[in-house]
Amino acid sequence: MNSSSFLDSLKSKLTEIHHLRDAAALLSWDQETYMPAGGGQARAEQIATLQTLAHDKFVSAETEELLSLWIDKSTGQIQAHVQSELDDTSQALLQETWRDFSQAKKLPSSFVNRLQRECSLAQQVWTEARKNNDFKSFLPHLRTLLALKIEEAKYLGFVDSPYDPLLDRYEPGATAAQLKPLFAKLRERLVPLLQQVMNSSHKPDEGLLTQPFETEKQLEFGRMVLEKMGYQFERGRLDLSTHPFTTSFHPTDVRVTTRVHEKDLPSCLFSCIHEGGHGLYEQGLLPKYYGTPMAEPVSLGIHESQSRLWENCVGRSHPFWQHFYPLLQQTFPNQLGEVLFDDFFAAINKVKPSLVRVEADELTYNLHIMVRFEIELALIEGQLQVEDLPTAWNDKMKDYLGITPNRDVEGVLQDMHWSMGAFGYFPTYALGNLYASMIYDQALHDIPALEESIAQGSLLPLRDWLKENIHQYGRQFTSKELVHRVTGHSLSSEPFLSYLERKFSKLYGFSPPPSMNP
Ligand code: ZN
């Protein structure tokens, strides 16, 4: 067999593994959308079986044998003598597959099993604990999970902090040491900006968004916006779920969900746009690379940059609503017919410190993330004990947002991430916001009259630009390389901060801070 047919056999093996994973993903999608409640236990076992099969197939001796035809196992690099036979994409494919393989190999399968069981148990307990506002019942499970995650970090290995290998699973290459100064810079400007907003005499009336809005019409409007964004329904679906999410089984079958509350217009609207951004990314991956890292998203941070770009940079912008507000008024003439554009625009951009992350506005959102990052870092590094979590949470909320929850359900129990063992996940939301601003600035620079085109309801030029510059590459570049390639700059909080300062000083009628770029 020559080198290209070896590569083909690797690809077909990876494709088989993806079939198993995607079947598991379909079962999960069904669980969140249409599965009858009684099916939960059996479903968890079905998914676990498929995932174990996929894992075992992936870490098998056969995969290792195929990979070692190109990869020098001692260095993890492509062997010098075969490099010339491989194009850039094949090299990246091999390198990234090796990365996944060596990570997966580091975890003993007995450990993976134990972790999976504990996570599934902890999630069930968390759901109950949240219902009953009962942190104490969740505490022993959280303690076990934390110990397991520290064990995982040791298996994976680290130089500085045990937090790093956990973060790396969601944002390859990122470290706590890199995030700390980045977040400190954010805090330095976000907190005073929030203060200025709070001191402003402008008080947008959010009441106009909490009138009763017919749920059917809300869904229809969300669907229409998704279509305008270029989300392809012949390769996707929109369904309802408690928590909106996006899932993909192939670039030709990418599904998004939303939720509809009669008295909360922004909820359905912005979750459609947000998930639509995720969905466009998955639809923009190239089917010819299916099964390989070349048809997988780079990182959660980059994924989130796509959703936040659409949700905030576009979906909460003036040009966007120039086109869509008259349509929204036509859809809801009784509720919005008399409401002025400026009042609507101010309401959807209202800034207000709140207790719940998923309801947070653009300005305060990252403060919620910093609270979580500092806490999980301290937990993993052993500087904070789980029993002290509620107090630590409330102190940090006071410190960052000036408010404290009265009940843990609005505090430490609100997010499911830790119950799933997802420590190191939260920072990717903040990174997504930063990447989104950098990428959108570049799109404004590259696409002539982008804002004018958005104001006419034409969103496809932006989708196509994102596909060409980001989506199609899969994991060919790391997030660091990709962002540098697209924007010419390294990750920075500056574009995001300037954007917020520009936007909210205008909305709230104060002069922007002097540090701001023209
Ligand atoms: Zn998202």
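The values are calculated or read from the model by the stated rules, or taken from the named source; none is laboratory data. Just so it is clear, the model here is predicted, and its values are computed rather than measured. A quick note on method: Cβ atoms are made from the backbone with ideal geometry, for glycine too, and the neighbour counts reach across all protein chains shown. Side chains included, ligands, DNA and RNA excluded: accessible areas come from the protein's heavy atoms. Shrake-Rupley method; radii C 1.70, N 1.55, O 1.52, S 1.80 Å.
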Table column - 3J(HN,Hα) (Hz), the stretch 329-343, Karplus curve with 6.51, -1.76, 1.60, x for Gly and Pro: 5, 5, 6, 10, x, 5, 8, 10, x, 9, 7, 5, 3, 4, 5
Virtual paramagnetic centre 7 Å along Cα→Cβ of Glu387, amide N under 12 Å, in the stretch 140-184: 140
Accessible surface of the stretch 429-487, 1.4 Å probe, proportion on carbon and sulfur as whole %: 48
Full-extension gain in nm, Glu45 to Lys131, via 0.36 nm per residue minus C-alpha separation: 28.5 nm
Selected from Tyr429, Ser458, His471, residue furthest toward positive end of dipole (the stretch 409-488; charges at beta carbon): His471
Rounded to the nearest 20 debye, dipole of the chain from Cβ charges on Lys, Arg, Asp, Glu: 520
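Taking the Cα centre of the stretch 92-148 as origin, sum charge times position over the Cβ atoms of Lys and Arg (+1) and Asp and Glu (-1), and report the length of that vector in debye to the nearest 20. Could the numbers behind the result be given before it?
Values: 9 positive and 5 negative charges, 29 e Å.
It works out to roughly 140 debye.
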Cross-link partners of Lys149 among lysines (Cα-Cα below 27 Å; sequence separation of 8 or more within a chain): Lys57, Lys73, Lys105, Lys106, Lys131, Lys136, Lys180, Lys396, Lys480
Cβ crowding within 10 Å averaged over residues, with 20-26, 47-53, 465-471 ranked highest first: 465-471, 20-26, 47-53
Dipole in debye (nearest 20) - the stretch 471-513, about Cα centre, beta carbon charges: Lys, Arg +1; Asp, Glu -1: 100
Along each principal axis, Cα extent of the stretch 336-449, largest first, Å: 52, 37, 25
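Calculate the tail of P(r) for the chain: the fraction of all Cα-Cα distances greater than 47 Å, expressed in %. Could you put the intermediate results ahead of the total?
On the way: 12689 of 133903 pairs.
Tail fraction, whole percent: 9.
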Segments 356-367, 267-278, 378-389 sorted - mean Cβ within 10 Å per residue, highest first: 267-278, 356-367, 378-389
Cα-derived Rg to Rh of the stretch 116-164, Kirkwood definition: 1.11
Principal axis box of the stretch 78-208, alpha-carbon based, largest edge first, Å: 69, 40, 34
0 to 90° range, to nearest 10: angle between helix 109-132 axis and the chain longest Cα axis: 20
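Tell me, what is the per residue accessible area of the chain in Å², probe radius 1.4 Å?
On the way: 22500 Å² over 518 residues.
About 43 Å² of surface per residue is accessible.
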Relative contact order for the chain, counting Cα pairs under 8 Å that sit 6 or more residues apart, in percent: 19
Calculated [θ] (222 nm, deg cm²/dmol) that DSSP helices of n ≥ 4 give over the chain, each run adding -39,500 (n - 2.57): -20000 deg cm²/dmol
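First compute the accessible area of the stretch 187-318 with a 1.4 Å probe, then give the percent of it belonging to carbon and sulfur atoms.
51
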The chain: angle of helix 494-508 to the longest principal axis, Cα-based, in degrees nearest 10: 20
